[in-house]
1. Counting only residues that are without any contact (Cβ under 8 Å) to a residue 24 or more places away in the chain and of a type in the set (Asp, Glu), how many does the range 8-35 have?
2. Taking the conditions exactly as written (at pLDDT below 95, in contact with a helix residue (DSSP H, G or I) (Cβ under 7 Å, 6 or more places away or on another chain) and not aromatic (Phe, Trp, Tyr)), does Val101 satisfy them or not?
3. Scan the range 49-96 residue by residue and report those that are part of a helix (DSSP H, G or I) and touching a residue at least 60 places away in the same chain (Cβ under 8 Å).
4. Could you say which residue among Val27, Val50 is of a type outside the set (Ser, Thr, Tyr), modelled with pLDDT of 95 or more, buried (at least 16 other Cβ atoms within 10 Å of the Cβ) and farther than 15 Å from Leu95 by Cβ?
5. Being surrounded by 11 or more Cβ atoms within 10 Å (Cβ to Cβ), within 18 Å of Leu2 (Cβ to Cβ) and of a type in the set (Lys, Arg), is that true of even one residue in the range 82-98?
Amino acid sequence: MLAIPLAPVPSQTLAVILDGQSCNISVYSETTGIYFDLSLGSTVIKTAVVMRDGARLLQDTQYTAFVGDFVMVDTQGELDPVYTGLGTRWQLVYLEAADLVTYASQ
């Protein structure tokens, strides 16, 4: 598992390398919640995934070219994220392929 650094701002885009994969991650706030987009280079993997506490964001990565998954974790409870707490209360975590087996059994 690896924490992805987020800032407490309504909209942000990050470029990170995860397991050798060149990822572009967007996290943004709408009136209906916080959303997540993921691209590998120019290949879109997922868009407009609502972020919920503890819920895997990709879930069906066996059908894509992406290895791993992401989960948003509330470090102080079990609430869905609010942008003002991103990076502190709410942590975006990358789950490597080996982590998926452990996370699925929780």
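The values are calculated or read from the model by the stated rules, or taken from the named source; none is laboratory data. Because the structure is predicted, anything quoted here is derived from the model rather than measured. Positions of Cβ are backbone-derived with ideal geometry, glycine not excepted, and every protein chain shown enters the neighbour counts.
1. Number satisfying all stated conditions: 1.
2. no
3. Hits for the range 49-96 are Tyr83, Thr84, Gly85.
4. Val27
5. Residues of the range 82-98 that are surrounded by 11 or more Cβ atoms within 10 Å (Cβ to Cβ), as a first pass: 82-97.
If we keep only those that are within 18 Å of Leu2 (Cβ to Cβ) too, we end up with 86-88, 90-97.
Still in the list and also of a type in the set (Lys, Arg): none.
No; the residues of the range 82-98 include none that is surrounded by 11 or more Cβ atoms within 10 Å (Cβ to Cβ), within 18 Å of Leu2 (Cβ to Cβ) and of a type in the set (Lys, Arg).
For every residue, the table says whether it meets (1) in a strand (DSSP E or B); (2) of a type in the set (Asp, Glu); (3) within 18 Å of Glu96 (Cα to Cα); (4) under 10 Å from the mean Cα position of the chain (by Cα).
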position: Ala7; (1), (2), (3), (4): no, no, no, no
position: Gln12; (1), (2), (3), (4): yes, no, no, no
position: Ile17; (1), (2), (3), (4): yes, no, yes, no
position: Ser22; (1), (2), (3), (4): yes, no, yes, no
position: Ile25; (1), (2), (3), (4): yes, no, yes, yes
position: Ser29; (1), (2), (3), (4): yes, no, no, no
position: Tyr35; (1), (2), (3), (4): yes, no, no, yes
position: Ser39; (1), (2), (3), (4): yes, no, yes, no
position: Thr47; (1), (2), (3), (4): yes, no, no, no
